[in-house]
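Asks: Structure below; questions to follow.
What follows is calculated from the coordinates using simple rules that are stated; it is not laboratory data. In this text the structure is predicted, and so the values were computed from the model without any measurement. Cβ atoms come from the backbone with ideal geometry, glycine included; neighbour counts cover every protein chain shown.
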Amino acid sequence: MSNALRISRRFSQRSVMEAIVQGGPISRASIAKQTGLSKQTISEVVKVLEQEGWVQETGRTSGHVGRTAVTYELLHQAAYIVAVDLGGTKVRVALTDLACHIFAEDVAPTDHRGGQFIVDQIVAMTLRAALRQRIPREKIRLGVIGVPGAPDDASGRVMLAPNIPGFDQMDVASAFEQAFGFVVTIENDVNLAVLGENWQGRGQGIDNLAYVALGTGIGSGLMVGGHLVRGASHAAGEMGFLPFGGDPFAPESLRSGAFERVVATHAIIERYEAASGRRVGVPAIFENAAEGEKEALAVIDEIARYLARGIAAIAAIANPEKVILGGSIGLRPEIFTRVKTLLPQCFPYPILVEPSDLGPRAALIGAAAIGLGHLHNTLFGFDAPDSRISLPPAQSGAMREAAQ
């Protein structure tokens, strides 16, 4: 078979799959109308896809003059994707089908030993979840791991991830692929979260969007002109390294970041201890603030001021239409209401800020989106960034609803 013919067939297969993913159940006549391909070509492609277990008959059209037509849709359980949100304190694992329904999910404290121990932990969580739902291991075809740092494509290491020890010293992607036995993609966790929000959250249809997560650390994901901004070394949006808050020239700022050192979990705990003489966790500080304790209220006020400054810095550079707040601390209403009040005081243009309604699943949904794109490229298209298949409509990818 000539190379030109092979490309033509791949293009036809991809076009048919695109129509089925977006419009199923759909008839061959409707596919022809959408793609411009001949009915014979469509029949040949659909036959192959059906034989290989990717699509199935779902019934016949009705209510039309003339003969009824067979309709086809994607067989959602033909393959599964592992979606992982790895954080400094928790790791979330989900197995999703080709429509992004969650079939299995697990959450556990992140193994504090880091490195290969975390790889082994995630693999074990995935296999246990698959076993509980009787998902055959051979149907798990691809993994997407969200990490709180900057993946380095050349070495496989994850840089700028102080809360995940050991990942900056090993080829993380290769370690996961060796343990799983299939292709694994490593992506920044807040990049995944902004993709999830853009697909199924409060950022639907917004081409210029920012997602800011505040918790153990702080980071942001950016979409400009409808495209995810990764930067030259996948470090775009690393808000923790904004050069204000702490001293950016202090040696520790090269590890944790000057801004992260004053706004994230450890900073909140230390600031409260300095003011009150008591060392407690972040939830207790918010509880004390709710009871009117002045030290706790002062700490939360200061954190909100820092966060507003960080969002203003993003707005000055990227000018997003909307900023979505997430993370265990960023989702707190005490933080959101203060930031919303403070922003007009430190930035001259309106900034629309909303809390995430996907919560901790935003990165999982984004991981599933990345996984669907890569899987469709591998199976039905061309392995190039600009050929990613479009995602199912948000109401079809009921990942959020299925998980609740």
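Asks: Percent antiparallel among DSSP beta bridges with both residues in the stretch 202-356, to the nearest 5?
Replies: 45
Asks: Sorting 349, 80 on the 10 Å Cβ count, fewest up front, what's the list?
Replies: 349, 80
Asks: Oh, and also: Hey, could you grab the Kirkwood Rh for the stretch 153-211? Inverse mean 1/r over distinct alpha carbon pairs, Å, one decimal.
Replies: Answer for the stretch 153-211: a Kirkwood hydrodynamic radius of 13.3 Å.
Asks: So for the chain, averaging the separation of alpha carbon pairs under 8 Å that are six or more residues apart and normalising by length, what relative contact order in percent results?
Replies: In percent, rounded to a whole number, it is 16.
Asks: If the elastic network links every pair of Cα atoms under 10 Å, which of 171, 153, 207 fluctuates the most in the Gaussian network model of the chain?
Replies: Taking springs between Cα atoms under 10 Å, the residue moving most is 153.
Asks: If Rh is defined by the Kirkwood formula over all Cα pairs and Rg also comes from Cα, what ratio Rg/Rh do you get for the stretch 133-273?
Replies: Looking at the stretch 133-273, the ratio lands at 1.02.
Asks: Tell me which residues come under 5 Å, amide H to amide H, from residue 90 once H is placed; ignore anything under 5 positions away on its chain.
Replies: Amide H neighbours of residue 90, under 5 Å, 5+ apart: 110.
Asks: 5 Å is the cut-off here: which amide hydrogens, built 1.01 Å from N in the peptide plane, fall below it relative to residue 321, excluding neighbours closer than 5 in sequence?
Replies: Residues meeting the criterion, in which the H sits 1.01 Å from N, are 208, 209.
Asks: What's the magnitude of the charge dipole for the stretch 202-356 around its Cα centre, counting Lys and Arg as +1 and Asp and Glu as -1 at the beta-carbon? Answer in Debye, nearest 20.
Replies: Around 200 debye, computed over the stretch 202-356.
Asks: Mind sorting 172, 280, 158 by how few other Cβ atoms lie within 10 Å of their own Cβ, fewest first?
Replies: 280, 158, 172
Asks: Report the Stokes-Einstein translational diffusion coefficient (µm² s⁻¹, integer) for the stretch 194-258, Rh taken as the Kirkwood radius over Cα pairs, at 25 °C with viscosity 0.890 mPa s.
Replies: This corresponds to a translational diffusion coefficient of 190 µm²/s.
Asks: Could I ask something else about it? Once you have the alpha carbon radius of gyration of the stretch 105-151, what is it after dividing by 2.2 N^0.38 Å, with N set to its residue count?
Replies: In units of the 2.2 N^0.38 Å rule of thumb, it is 1.26.
Asks: Further, regarding this structure: Specify which residue in the list 362, 17, 121 is farthest towards the positive end of the charge dipole of the chain, using unit charges on the beta carbon of Lys, Arg (+1) and Asp, Glu (-1), about the Cα centre.
Replies: 17
Asks: Taking the Cα centre as origin and putting +1 on Lys and Arg beta-carbons and -1 on Asp and Glu beta-carbons, what dipole magnitude results for the stretch 3-74, to the nearest 20 debye?
Replies: Dipole about the Cα centre, nearest 20: 280 debye.
Asks: Now, a different point. As a check on your grasp of the helix formula, calculate [θ] at 222 nm for the chain: sum -39500 (n - 2.57) over DSSP H runs of n ≥ 4, divide by the residue count, round to the nearest 500.
Replies: Rounded to the nearest 500, it is -13500 deg cm²/dmol.
Asks: Something else now. Can you spot the lysines whose alpha carbon is less than 20 Å from residue 47's alpha carbon? Ignore those fewer than 8 places along the same chain.
Replies: 33, 39
Asks: Once you have all Cα-Cα distances for the stretch 202-356, histogram them in 10 Å bins from zero and send the whole-percent values.
Replies: 11, 40, 35, 12, 2
Asks: If neighbour count is taken as other Cβ atoms inside 10 Å, put 254, 95 in order from fewest to most.
Replies: 254, 95
Asks: Residue 301 to residue 316: extension gain in nm, 0.36 nm per residue of separation minus the Cα-Cα distance?
Replies: Details: separation 15, 0.36 × 15 = 5.40 nm, distance 2.26 nm.
Gain on extension, residue 301 to residue 316, equals 3.1 nm.
Asks: Pull up the DSSP beta bridges for the chain and report the antiparallel fraction as a percent, rounded to 5.
Replies: Roughly 60 percent of the beta bridges in the chain run antiparallel, per DSSP.
Asks: For the ranges 264-275, 105-116, what's the packing order if you count other beta-carbon atoms within 10 Å of each residue, average per peptide, and put the highest first?
Replies: Per-residue Cβ counts within 10 Å, averaged per peptide and sorted highest first, yield 264-275, 105-116.
Asks: Shifting gears a bit: Compute, for the chain, the length of the dipole vector about the Cα centre, with Cβ point charges of +1 (Lys, Arg) and -1 (Asp, Glu) only. Units Debye, rounded to 20.
Replies: The calculated dipole for the chain is roughly 1180 debye.
Asks: On to the next question. Calculate how steeply helix 265-276 sits against the longest principal axis of the alpha-carbon atoms of the chain, using the helix alpha-carbon long axis, and give the answer as 0 to 90 degrees to the nearest 10.
Replies: 20
Asks: Continuing with this model, one more query. Please find, in a Gaussian network model of the chain (springs between Cα atoms separated by less than 10 Å), the residue of 167, 103, 249 whose mean-square fluctuation is greatest.
Replies: 249
Asks: Roughly how compact is the stretch 3-74, stated as its Cα Rg over 2.2 N^0.38 Å to two decimals?
Replies: So the Cα radius of gyration is 1.08 times the expected 2.2 N^0.38 Å.
Asks: Name the residue farthest towards the positive end of the dipole of the stretch 202-356 from the options 353, 319, 253, assuming +1 on Cβ of Lys and Arg, -1 on Cβ of Asp and Glu, about the Cα centre.
Replies: Ranked along the dipole, the leading option is 319.
Asks: In the Gaussian network model of the chain, springs joining C-alpha atoms below 10 Å, which of 255, 202, 279 carries the largest mean-square fluctuation?
Replies: 279
Asks: If you build the convex hull over the alpha carbons only and average its shadow over all orientations, what do you get for the chain? Give it in nm² to one decimal.
Replies: 23.3
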